[in-house]
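Read the structure below first, then the notes.
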Amino acid sequence: MSSTALLSSETARDNDPELDRMALLRSEADLTALGGTHVDYLEPVIHRYFAS
């Protein structure tokens with residue numbers, strides 16, 4: 001089953017998808033380029049990861 005079909009069937013059953021969008025980040029700038037909302041702890045985690 002394709003991811004699009006799975007998303008449609010889960011949405012039809014009133015299940016909200018948790019991981020319907022994922023992105024790989026290569027720098028901190030990629031996070032701001034994503035736009036939209038994200039969890040509040042993501043920015044500090046990304047900053048710490050790229051700072052090391």
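The values are calculated or read from the model by the stated rules, or taken from the named source; none is laboratory data. What you see is a predicted model, and the numbers here were worked out from it, not measured in a lab. All Cβ positions, glycine included, derive from the backbone under ideal geometry; neighbour counts span all protein chains shown. Heavy atoms of the whole protein, side chains included, go into the accessibility calculation; ligands, DNA and RNA do not. Shrake-Rupley method; radii C 1.70, N 1.55, O 1.52, S 1.80 Å.
Structure notes:
- Among residues of the stretch 1-33, those that are of a type in the set (Asp, Glu) and at pLDDT below 85, counted: 4
- Residue in the stretch 34-42 that is of a type in the set (Val, Ile, Thr), at pLDDT below 90 and part of a loop (DSSP other than H, G, I, E, B) present: yes
- One residue stands out among those in the stretch 22-32 that are open to solvent by 70 Å² or more (accessible area, probe 1.4 Å) and without any contact (Cβ under 8 Å) to a residue 12 or more places away in the chain: the one that is farthest from residue 2 (Cα to Cα), which is 32.
- Within the stretch 33-52, residues that are over 17 Å from residue 21 (Cβ atoms) have Cβ atoms under 6 Å from residues that are part of a helix (DSSP H, G or I) in these pairs: 50/28, counting only partners at least 6 apart in sequence or on another chain.
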